[in-house]
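Every number here is computed from the coordinates shown, using simple stated rules; none is lab data. What you see is a predicted model, and the numbers here were worked out from it, not measured in a lab. A quick note on method: Cβ atoms are made from the backbone with ideal geometry, for glycine too, and the neighbour counts reach across all protein chains shown.
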Amino acid sequence: MRRRRQVTAATLAAVAVVLVVAPVAGFAALSRDSHPGPAPAESGSPTPSVPPTPTATPPATPSAVPDGRISRAQLLAATVTLPRWQSGAPASCLTKNVRLAGSKTSSKPWLGAVIHGDADGDGAEETVATLACSPGNTDMQQVVVFDRDKAGRIVTLGQVVRTGDEIGWLIEAAVSGPRTVRVQVGDVQPCCDVDEEQIQKQTRTYVWNGTGFQQTGWPTAFTGNPNSTDLSVEVTDLVLTPNAADGRLHGTITVNVRNLGPQDAERVDVTFGFDREVRHEGTGWDTCQGEVEPGPRCQLFGIVHAGERRTCVFEFSMEATAPFNGTATVQVSGMNAVGTFVPDLAKANNRLSFDYRRK
């Protein structure tokens, strides 16, 4: 009985020890899993360090293409530089530091139609404007493309086409594709009783080549209007001499008018433009039909046939007050029997400037 009691007590003690030790061992195991052990001791040879992986730098984004879409109001508010106007343009047809007028005026260039499109192929829109300068009855015109620089300033990209020589009218412009501008042109403008049915019209295509616009393809010229002619004018300078009898300055000029064909001109007008008041005098004006109109303006007698040349000597006088030097113009135009202007094949030789000065 004593031995049985000793065995039972020993067994109970062993069980108690197991119950106490098991949780402690489990806790120690959990502690080893949760917390890393101490770092191993360093060896004598240093471990080579691995350089950090460089962070990839995204490629630089190219600068954005300037937006060349300029409103009509913005263009009118800007000061711009314009390409040259046609030959014979007066001083009022400015090209530098120009503030465009919003409607037709005789004192400075003015803004016509404005459209937008990718005229230079850079993926952004530019502004295509039809400009005019109106020193007389008809307009001198040009189609110009405007853009912006990187600072946002309005700049002139280039001139597409202008009037002069055999182009007398710029009717309408359109951007028909990247780098491509199409312009409908006419050989003469509807003016002064010229019927639109008399005008030859063509659509010409101009492409941006990196530095300017160049016409591509046909047509490149008008083949000849059956209702047209080609007048030309030559003129000498006006040298003025004082006259003691009336206290005025007097002088004469010689004007040569030629009809280069192909049609006869049933009526030819010679019109002068001065920047001061003048009088027409002398017998040279007897070559004019009817009364000389203000300007002065002379309608030559009879038909000026194709190939014919007329020479006229006209006398003028003006007050002997300064300034004594200046510039005037002479222009010839043809009409038919009923007084309708006839289209001219080469308008550049219809108008010339000449000087007047005191001897």
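What to note about this one:
- Efficiency of FRET between residue 355 and residue 244 - r from beta-carbon atoms, R0 30 angstrom, step 0.05: 0.75
- Protection proxy ranking for 90-97, 172-179, 116-123, using the average of other Cβ atoms within 10 Å per residue and placing the highest first: 116-123, 172-179, 90-97.
- The calculated pair-distance distribution of the range 176-225 uses every alpha carbon pair, bins of 10 angstrom beginning at 0, and gives 23, 42, 25, 10, 0 percent.
- For residue 308, the shell of other residues with beta-carbons less than 13 Å away shows a net charge of 0, using +1 for Lys and Arg and -1 for Asp and Glu.
- Residues 110, 169 arranged by fewest to most Cβ contacts within 10 Å: 110, 169
- If the chain linking residue 91 and residue 315 were pulled fully straight, counting 0.36 nm for each residue of separation and taking away their Cα-Cα distance, it would gain 78.1 nm.
- Rounded to whole Hz, the Karplus (6.51, -1.76, 1.60) HN-Hα couplings of the range 203-209, x for glycine and proline: 10, 10, 10, 10, 10, 6, 9
- log10 of Debye I(q)/I(0), alpha-carbon scatterers only, for the range 75-207 at 0.10, 0.14, 0.15, 0.20 Å⁻¹: -0.31, -0.62, -0.71, -1.21
- Hypothetical label at residue 346: residues of the range 256-291 whose amide nitrogen lies under 18 Å (7 Å Cα-Cβ projection): 256-265
- Charge dipole (Cα centre; +1 on Lys/Arg Cβ, -1 on Asp/Glu Cβ; no other charges) of the range 119-194 amounts to roughly 280 debye.
- Counting neighbouring Cβ atoms within 10 Å and putting the fewest first, the residues 71, 317, 353 line up as 71, 353, 317.
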